[in-house]
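This report refers to the structure that appears directly beneath it.
Every read-out reported here was derived from the displayed coordinates using simple, explicitly stated rules and does not represent laboratory data. No experiment lies behind these values; they were computed from the predicted model shown. Glycine gets a Cβ as well: all are built from the backbone with ideal geometry, and neighbour counts include every protein chain shown.
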Amino acid sequence: MKASILLIYTGGTIGMKNNPETGALSPFDFNGIYDEFPSLRKLDVDIEVLSFDPIDSSNVTPELWVKLARIIRDRYDSFDGFVVLHGTDTMAYTASALSFMIENLGKPVVFTGSQIPIGVLRTDGRENLITAVEIAGAKQDGRAVVPEVCIYFQNRLFRANRTTKHSAEQLNAFRSDNYPALAEVGVNIHYNAPFIHRPEDRPDPLCISTHLETGIEIVKIFPGMRPATLESMLAVPDIRGIVLETYGSGNAPTADRFVRCIGDALSRGLLVVNVTQCPGGSVSMNLYETGKCLQRAGVVSGRDITTEAAVTKMMYLLGQNRDPEWTREMMGVSIRGEMTL
């Protein structure tokens with residue numbers, strides 16, 4: 001029996017094609033996907049297309065994340081897997097957000113896109129799309145091979161909330177520095193089974209969370225940062241959470257004014273999580289005195305979480321409006337495989 005795939009096109013470079021009349025790039029109609037990519041007929045899948053009015057990924061908001069989560073929830077029983085076509089600039093944010101918003105997932109949700117428009121001769125979008133569809137429909141013993149939210153790009157499949165975009169030009173635009181690839185694609189697709197999350201045999205019904213707190217700031221520390229700048233950023237009204245990007249293994253200035261500013265934010269009930277500015281590696285605040293100052297103040301260690309996952313996880317947790325201690329505790333543990341403990 002063929003696997004059924006819902007292909008959701010939100011916008012992005014992958015959906016652009018040359019208009020023969022004007023020569024300009026215009027959105028591609030994915031309803032004609034089999035005519036454009038006849039090789040898809042060779043896959044053991046049936047594809048249904050749902051297209052949005054194309055959104056440049058720079059304009060993506062949490063409202064889009066909620067829309068996607070509701071579509072997957074409402075069509076969940078009708079399809080074996082989902083492929084989301086999305087612009088690359090904010091793909092890691094959207095995919096990470098979906099990983100937290102969708103609970104009890106037992107089917108693949110594969111995000112992909114391209115660096116070169118799909119209508120250009122040497123596009124990377126063709127292979128990305130075809131392989132993402134194949135992965136979304138892959139089964140073993142009647143069960144999905146990769147039942148989680150992930151990103152496929154340039155021969156590698158990554159866990160969504162472990163992924164970040166690292167290049168604006170290279171075709172292998174995404175990396176997962178702190179977690180192995182879920183699959184490597186060459187002549188064959190080799191799945192890295194020990195690192196793929198699998199639900200229980202009888203998982204609870206799928207459900208979604210649609211309340212996201214957007215009162216979040218990313219504060220990147222840099223040498224020479226004026227204390228007044230930090231104070232102004234943390235004094236913005238209605239802020240509830242701070243993702244603090246620090247040096248190395250979680251280090252930050254130990255100047256009294258800096259530490260006091262962070263302490264004041266914590267005393268006002270703000271949730272502050274410490275993530276490293278480095279592409280790879282982990283926060284360990286007990287290694288150096290500079291990190292211990294933050295730890296003593298009550299800052300949560302983000303360990304090896306990406307900034308994209310930290311932001312979207314914070315939006316998800318604060319959106320639950322639960323007890324602050326519960327929120328703080330959950331921020332420091334792995335709930336969707338987003339960090340290594």
About the Cα centre, charge dipole magnitude for the chain (Lys/Arg +1, Asp/Glu -1 at Cβ), debye | 620
Rounded to one decimal in nm, the spacing of the 7 Å Cα→Cβ label points at ALA255 and THR214 is 3.3
Ranked from fewest to most other Cβ atoms within 10 Å of their own Cβ, ARG162, ARG175, ARG336 fall in the order ARG175, ARG336, ARG162
Total lysine pairs whose alpha carbons fall under 20 Å of each other in the chain (8 or more apart, or interchain) | 11
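How long is the gain from ASP264 to ILE221 if the chain were fully straight, where each residue apart is worth 0.36 nm and the alpha carbon distance is subtracted? Walk me through the intermediate numbers first.
Values: separation 43, 0.36 × 43 = 15.48 nm, distance 1.72 nm.
Extra length available between ASP264 and ILE221 comes to 13.8 nm.
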In a Gaussian network model of the chain with springs linking alpha carbons closer than 10 Å, the residue among ALA252, ALA297, ALA310 that fluctuates most is ALA297
Would you mind telling me which residue in ASP89, ASP141, ASP29 has the biggest mean-square fluctuation in a Gaussian network model of the chain, where springs connect alpha carbons within a distance under 10 angstrom?
-> ASP141
In whole Å, largest first, what are the principal axis extents of the Cα atoms in the stretch 3-208?
-> 54, 36, 33
Quick one: among ARG156, ARG73, ARG268, which has the greatest mean-square fluctuation in a GNM of the chain with alpha-carbon springs under 10 angstrom?
-> ARG268
Magnitude of the Cβ-charge dipole of the stretch 114-202, K/R +1 and D/E -1, about the Cα centre, nearest 20 debye?
-> 100
